Each structure stands twice: as structure tokens, then as C-alpha cells.
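K.L.:
There's a structure below that I have some questions on.
What follows draws every value from the coordinates through simple rules; no lab data is involved. Predicted model only: the values in this text are computed from it and were never measured. Glycine gets a Cβ as well: all are built from the backbone with ideal geometry, and neighbour counts include every protein chain shown.
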Amino acid sequence: MTDTALTVHQTSRPHGFPTADHFAFVESPLPRPTPGTALVEGLYWSVDPYHREMMDGDFALHAPLEGRTIGRVVESRDPALAEGDIVAHRQGWRTHAVVTPDEVRVLPRLDGVPLSAHLSILGGTGLTAYVGLTRIAELRAGQDLFVSAAAGGVGTATGRLARLMGAGRMVGSAGTAAKAAYLTEHVGYDEVFDYHTGPAADLLAKAAPDGIDVYVDNVGGEHLEAAISSLRERGRIVRVGTIAQYNATGAPYALRNLPDIVEKSLRMEGFLVRDHYALQEELYEFVVPHLRSGRVGLDETVVDGFDAIVDAFLGMLRGENRGKMIVRAGGGL
């Protein structure tokens, strides 16, 4: 084990798209656990779209960035955490973290399931999709679905889970023809359009001419407006994110069809996945058998090396990932 630790700090607030200059790698002596704590060495790190939104004010400057991490306990001074335990925590973009037992979740050893799945379809990404479909949208078999940013982490997880739940026609949007092809050939979408090829409303109307029952919104803006027009009576909108606005410098997109929400008795609801962690075991029970059988695959873009975490984050914002973007330490499990 090394004698030093690395953390990533945000050093300034971006205006528009962030760059590597907004971050700094900071080296420090390896922290040591005190009684009641344990030292965790990072194995996998999550970079997520919500990090961009938090850069505008939620993240403190010149301090380690928050985020989901999977690591191994390498030194413990608390009986609740044994050396060698694999745990998940939220102390984020750092190679080492000192944690208390109530700050981590000891991960189950799931034979036949890669550890990285705990950051993708079995982690916050998959739980977001599961909560959105089962608790917010209350998706029923045969209902038709539209998902924006369908090639991202939540979008691919939503497609996988909705197909298991017996969804009807599944339509998605993505940023390239290659991503669209991947989603239809591997994830289970029936049709996916490249949103760069025309107005979202026209593309969605063509892909789902008979309308949709549920819209899982990762984008906002023009996509949300298009979905409102395509939703049938008593349709549901699950608000997950607003990627279209994260790097915008002008006024947000003004929806022109909000009256349709009233006229069609639509329901739109957002949520925070942290309020639904009690469903984690339910997610395991639903998904793990299908991971083991091969019916569900992992949609992950894995970048090697903690020193690449900023580049991975910026690449994710540029849409360079297919599925969940994950950073892996050298020698990770």
C-alpha cells in the first residue's frame, strides 16, 4: 500500500462547460484510522451528470469532491468493519478514505456478478431507474415508454429494467447513430432516434406515432416538451435530470405546451434516489438472477486509473460513454 493519498478538488466555478483547469489533484500523507473507523482504499469511482450541477455551488472549493466509491478495507479499528471487506461509500474522488461503519455499506459477494455492477445497474444508477419505473411511473406490462439520454447510465438501466417488467414499445433518444444502434441491438429498445437529426417533437412522433404512456426524463428542455405532446391521457413523467441545462449559459428552454399537463391529466414527479435506499435489497432480488443468467448485460464504460477521473468526467459530459461511466483503479477487482 502506498504512503500517500490523492484527492481531486474543485478549484473554481465553471461558466458553461467545465475544463480540467477547474480541478486539481492534491497529494497528502496516507490517512490513518482512529478508534471506531477504518481506512478504505478505492477500487472503483463513479462520475455522474449530477456532479456538473453541483459544481455550480454545492461542492465546496478546494475540498474533495463527493461521489460514489467502491473500496476495500485495508486497515480497521472497528469490529464492524473487517480488513478485506468490500464497501460502498460517498466520500468520492479520493484514493483513500477514513470511514465509520455508518458511512459505508458492506457489499454482498454476488457470485458471477462483477463488482462494478454495484456502481451501475445494482448501484445508485440502477436504483434510480428502478424507483422511477416502479414507484414514480408505476409502469405496467404493455405500456409504452420514452427515455431521453437513453445511452447513459440511467437510460440503459431503465431500458433493461423496463424490458424485464414487460414494457410495450420502448423508444429512446441518443446523441449518435452508433449509440442508437447499440440500444436497439443490445439493451432492448424498439427504436432510438439521434436527436441531432431534427426537432425532438417530430422525431418522437415518428418513432411513437400512437403516443406513449410514460416518459423518463434525463434531459429536460425540448425533449420534455416533445414528450408532453406525445403522452396519452393520464400519462406519467418521471423527472430524473436536466442534462440540457447543466452547461447552459443562457435562459432555460421555455416549454410551450404546459397546458397539456392539465388537459390530458398528466402527472410529472421528480425524486431523489437517496430517499429510496430501503429498496436496495428489492433491486438485488429483481436483477441479480438475470445478471447471472446473462439475460441482463452490463452497460458500462470503464476508464483505468484514478489519474484519469477528471478526463472521464469531462468525457461523460461530452457523451463519450455508453452506459455508466466508471473509473477503475489499477488492480481493481
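K.L.:
Nearest 500 deg cm²/dmol is fine: what mean residue ellipticity at 222 nm does the chain get from its DSSP H runs of n ≥ 4 alone, each adding -39,500 (n - 2.57), divided by its residue count?
P.N.:
-6500 deg cm²/dmol
K.L.:
Cα to Cα, under 15 Å, and not fewer than 8 places away if on the same chain: which aspartates and glutamates meet these conditions relative to Lys179?
P.N.:
Asp190, Glu191, Asp194, Asp299, Glu300, Glu320
K.L.:
Another one. From the square roots a ≥ b ≥ c of the eigenvalues of the alpha-carbon gyration tensor of region 126-274, which class results: rounded (a/c under 1.5), prolate (a/b over b/c), or oblate? Write out the running numbers ahead of the final one.
P.N.:
On the way: a/c = 1.23, a/b = 1.08, b/c = 1.14.
Verdict is rounded for region 126-274.
K.L.:
Given H placed on each backbone N at 1.01 Å, which residues far from Gly172 in sequence or on other chains put an amide H within less than 5 Å of it?
P.N.:
For Gly172, whose amide H was placed from the backbone, the distant partners under 5 Å are Val147, Glu191, Val192, Phe193.
K.L.:
Long-range amide H contacts for Gly152: which residues qualify at under 5 Å (H placed 1.01 Å from N, peptide plane, sequence gap of 5 or more or a different chain)?
P.N.:
Hits under the 5 Å cutoff: Gly323.
K.L.:
Answer rounded, prolate or oblate for region 205-301, using the Cα gyration tensor with square roots of eigenvalues a ≥ b ≥ c: rounded when a/c is under 1.5, else prolate when a/b is larger than b/c, else oblate.
P.N.:
Judged from the Cα gyration tensor, region 205-301 comes out prolate (a/c at least 1.5, a/b above b/c).
K.L.:
Still on this structure, please answer the following. Using θ = phi - 60° and the Karplus curve 6.51 cos²θ - 1.76 cosθ + 1.60, what whole-Hz ³J(HN,Hα) does each residue of region 301-312 get, with Gly and Pro shown as x?
P.N.:
With coefficients 6.51, -1.76 and 1.60, one gets 10, 10, 10, 8, x, 4, 5, 9, 5, 5, 4, 5 Hz.
K.L.:
What does the charge dipole of the chain about its Cα centre add up to, to the nearest 20 debye, if the Cβ of each Lys and Arg holds +1 and the Cβ of each Asp and Glu holds -1? Don't jump to the answer; show the numbers that get you there.
P.N.:
Details: 31 positive and 42 negative charges, 87 e Å.
Magnitude of the dipole: close to 420 debye.
K.L.:
Turning to a different aspect of this structure: For the charge dipole of the chain, defined by +1 on Lys and Arg C-beta atoms and -1 on Asp and Glu C-beta atoms about the Cα centroid, which residue among Val287, Ile309, Val106 has the Cα displaced farthest towards the positive pole?
P.N.:
Val287
K.L.:
Oh, and also: Amide H to amide H, which residues 5 or more places from Arg68 or on other chains are under 5 Å from it, using H placed in the peptide plane?
P.N.:
Ser46
K.L.:
Express the C-alpha Rg of the chain as a ratio against the empirical globular expectation 2.2 N^0.38 Å, rounded to two decimals.
P.N.:
Against the compact-globule rule of thumb, the ratio is 1.02.
K.L.:
Hey, any idea what Rg/Rh is for region 80-200, computing Rh the Kirkwood way over Cα pairs?
P.N.:
We get a ratio of 1.08 for region 80-200.
K.L.:
In which sequence would Ser116, Ser173, Ser229, Ser28 go, from the one with the fewest C-beta neighbours within 10 Å to the one with the most? Mind showing how you got there, number by number?
P.N.:
Values: Ser116 22, Ser173 29, Ser229 16, Ser28 12.
Ascending number of Cβ neighbours within 10 Å: Ser28, Ser229, Ser116, Ser173.
K.L.:
Now for a different question. Could you rank the peptides 312-320, 260-268 by their average count of other C-beta atoms within 10 Å per residue, with the highest value first?
P.N.:
Per-residue mean Cβ counts within 10 Å order the peptides as 312-320, 260-268.
K.L.:
So, one more: Find, among the trypsin sites (Lys or Arg not before Pro) in region 1-99, those assigned to loop by DSSP (not H, G, I, E, B) with at most 14 other beta-carbon atoms within 10 angstrom. Don't jump to the answer; show the numbers that get you there.
P.N.:
Numbers: sites: Arg52, Arg68, Arg72, Arg77, Arg90, Arg94; in loops: Arg68, Arg77, Arg90.
Those satisfying the criteria are Arg77.
K.L.:
Within 10 Å, count the other beta carbons around each residue, average over each peptide in 132-141, 269-278, 18-27, and list them highest first.
P.N.:
Ranking, from highest mean packing down: 132-141, 18-27, 269-278.
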